[in-house]
Amino acid sequence: MPPSTNVSSEHGWPIAPPPPPPPMVSSDMSSAAYSGPHNPPVPPPHPAIALGFAQSSFTYGDLAAATGGFSNANLLGQGGFGFVHKGVLPNGKEIAVKSLKANSGQGEREFQAEVDIISRVHHRHLVSLVGYCIAGSQRMLVYEFVPNNTLEYHLHGPGRPVMDWPSRIKIALGSAKGFAYLHEDCHPRIIHRDIKASNILLDNNFEAKVADFGLAKLSSDNYTHVSTRIMGTFGYLAPEYAASGKLTEKSDVYSYGVVLLELITGRRPVDVSSDDDSLVDWARPILGQVIDGGSFEELVDPNLGDKYDPSEMMRMVACAAACIRHSARRRPKMSQIRQNDRLAVSKLVTSLTRGTVRSPLAQCLLIRYTSQVIRESGMNNQTGERPFYDYLEGCLRHKAEMVIFEAARAITELSGVTSRELNPAITVLQLFLSSSKPVLRFAAVRTLNKVAMTHPTAVTNCNIDMESLISDQNRSIATLAITTLLKTGNESSVDRLMKQITNFMSDIADEFKIVVVEAIRSLCLKFPLKYRSLMNFLSNILREEGGFDYKKAIVDSIVILIRDIPDAKESGLLHLCEFIEDCEFTYLSTQILHFLGNEGPKTSDPSKYIRYIYNRVILENATVRAAAVSTLAKFGAMVDSLKPRIFILLKRCLFDNDDEVRDRATLYLNTLGGDGSVVETEGEVKEFLFGSFDVPLSNMETSLKNYIQDPSEESFDINSVPKEVKSQPLAEKKAPGKKPTGLGAPPSAPASAADAYEKLLLSIPEFATFGKLFKSSAPVELTEAETEYAVNVVKHIFDNHVVLQYNCTNTIPEQLLENVIVVVDASDAEEFAEIASKPLRSLPYDSPGQIFVAFEKPGGVPAVGKFSNVLRFIVKEVDPSTGEAEEDGVEDEYQLEDLEVVAADYMLKVGVSNFKNAWESMGSDFERLEEYGLGPRDSLTEAVNAVISLLGMQPCEGTEVVATNSRSHTCLLSGVFIGNVKVLVRLSFGIDAQKEVAMKLVVRSEDESVCVAIHEIVASG
């Protein structure tokens, strides 16, 4: 308990004198078994609470002697129900005696609660109950004495020195562990109900101990909440607890979040001397800014200055922001807050690495914990050294092989590892390559294989040892050795490696062959002058037996080499032509024919491929025959000198027994026109036949079905097909067991979501003059599932306006909402001006309704901004028996999540079927190229997805998928920018050993300003 002060730390009241001594009672009346005529029996404390004390129940005389007759000199403070005195027992143990006010019914309840609860909990971060005393109407609790006062005293006490950052972190973690124990390790669980800074006591080492269980409640695992009268301290109460009295562990989490804010900011929860907002209201928007990358300066206690660890501060900020969320369900558990106790792990590792751990298995586990600490701590910026690296290096000299390997692997996996740090680990792994144990050889070569991806030169010294593993009986070891050699070998060793691999390939399974093929592809791109030998190797293994995945990997590799190495085009195409002569996989045949149709006409002698193509028309199944017909037509359209012979072949296809083949032949003959003479094919014909198809096939299918179901005299117009790739339909079915999303379906089923939204908006007079709707976003949830009100918003984008459609659902049967509006604060969206709104008059239970708010913005400009939203309404109680609402209602509001209008909202996802043709037809008149550094990323996949999300464009030809462990990648995107301007993007990514990502962005568009806008979006994103 805290040392003596002149004012109560809890309420600031003047200290009253201690209670008068009670009448003397017999010893049996003061025993643990005693209970008065009006009091229920008190459970005895668990024997473990004695903590070395000789007894757990005390007489009044024992405690009077220990406290000097409850003298003012020993008075520590005054709480709501009595006084606290410091005492010393005869054995020298210090105690704190809490004397409850006599004849206080509430105090008796507190007494029974504390004895019942504290007697069953034992944790190093909870104040321990030593014993108790019952003397007539007087009740006393005896606690261990905690000498260093309270957190409130050290943070807010006048004249106190500034609490340093390590102490604040220690207190936050210690108290979190105590609360987590109460919530999750006690049975039944315990809800504290009065978490605050004055109830967190500190010892001389600033270890936290949670005190004052007088308000605690027990909660069975079978119940989600406890209904109770409101108790606690203003400024710390969770909003749902204050409003409804429903108490859960998440109510404690909210209060703990306020304590975290005190530790971060140095402010009190409520400043009674000021009219400013509460600490939570003031901090919420700043927390969001900091988490989004803003500065700590406005948030952090100014007395701390910059004397804190930024990464630790960010963790505490993130925890505080999560704890004080308005929705209780979105708050974390206390165990989730304490689980990242980096300080405890670091202490454990420090103590163990200085000692002697004898068990090799324990040593391996310690190495893994050490690696975790190194990853989280990073490198010391002053010395340039890593903490604990010397320990890992020392483990390389351990007598146990498993410890040596574990340490070597840990060093190779360090982030940003240098060559100097790698060398010792590479040396021991090289020794393991010649081990007699297959498991060691496998572990070593697998680790070196991973290192070769980022530090190939560091592994070069092991090449001689790995070449001997190519003939290893274990095919897994041999495969890893080969792929590692392919990554680390130099140009002069390529031919030798190919000879060794040729003899090896027939002995391994397809899954290993695929790994080898991908390694050869990477090697060829690394040494393009060696393409002939590598291409010949790929073509030879392409003729061997193998499954679909294996053959597809080879074909994909050849296609990539043809695209990236111009000199390899003609030989690569001939290899593919020879393959389809005897290909058993329809998919691969059609893909090769499609690729041949695009690239073949551009070669020096296109005619040499015609024989291979027409053979497919004669010998293959209908699907391949149809693809071959299209490929022939491409040659006829692109190579005028071949057109007469192509016409003859296409006319023969008119007699095919398959409808698709005949239809394609007829289309191409009629479209190419003429009698097959040598004439130039018109550009419009080429674009129609082989240009990009701007309409998504799913949208085309939907529109054709609607056209067939509703016959019309007008011919089908392809321009009526929506071009946007829709990711979510307008009307969603309610998932069983989930609350409705608030988005109701229109009366009749529309042809598409865009049509339905446009029809809906045109029906509202305020929005009828906004022009044609450009895009409607997918619904964005503004509330969590299973909250009182379900709200999501759809962003409707016009050229000069943005309309926000808030879809609301009332999920409380006993309530009717009237005059429902959304108050939108656009102060962080300076380019938007609110011009109109359409409120909702009534919102009954489970009946979706819409609220609209319209903003004006600069025309044709991708204006962005953040909007904060508050749902306001009048709530009326509904009689469940009659369903009628009361006449009088109460005004109320509900905080919604913030909403952002981003650059991607101004882009339609419109794909193209042939990106290369679309890119070339777009032309380079307005092409714009820039290079960007994207900073450190976990992987290329993360970087690619981030840019795609930022631009909101449609990935083409599957280029959004990044190959595993790839160090470079090209991604193709297409879309339509606001103003109906087509835009194509080619992204080239590269990642280095430090995981820094660089990107080259090339944009082509019909409008130069759009190219500039795309680059500005990336530069600012």
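Computing FRET efficiency as 1/(1 + (r/R0)^6) for N719 and T769, where r is the C-beta to C-beta distance and R0 is 22 Å, gives about 0.35. Taking trypsin sites (Lys or Arg not before Pro) across region 263-329, the ones in a DSSP loop with at most 15 further Cβ atoms lying within 10 angstrom of their Cβ are K307. Compute the normalised compactness of region 584-685: alpha-carbon radius of gyration over 2.2 N^0.38 Å, N being the residue count. Here the answer is 0.99, to two decimals.
Shape class for region 905-1020: prolate, because the ratio a/c of the largest to smallest gyration tensor axis (alpha-carbon atoms, square roots of eigenvalues) is 1.5 or more and a/b beats b/c.
Rounded to the nearest 0.05, the FRET efficiency derived from the C-beta distance between S1020 and S311 at R0 = 35 Å is 0.85. With an a/c value of 1.5 or above and a/b larger than b/c for the gyration tensor axes a ≥ b ≥ c computed over the alpha-carbon atoms, region 753-901 is described as prolate. A DSSP coil position with no more than 12 other Cβ atoms inside 10 Å describes none of the trypsin sites (Lys or Arg not before Pro) in region 896-953. At R0 = 35 Å, how high is the FRET efficiency between I874 and D271 if r is their beta carbon distance? Nearest 0.05 is fine. E between I874 and D271, to the nearest 0.05, is 0.60. When the Cα gyration tensor is reduced to axis lengths a ≥ b ≥ c, the ratio a/c is 1.5 or higher for region 151-340, and with a/b above b/c it is classed as prolate. Taking the centroid of alpha carbons for each part, region 441-478 and region 939-1016 are 35 Å apart.
Every number in this text was worked out from the coordinates using simple rules, so none of it is lab data. From a predicted model like this one, the values you see are computed outputs, not experimental measurements. Please note: Cβ atoms are built from the backbone with ideal geometry, for glycine as well, and neighbour counts cover all protein chains shown.
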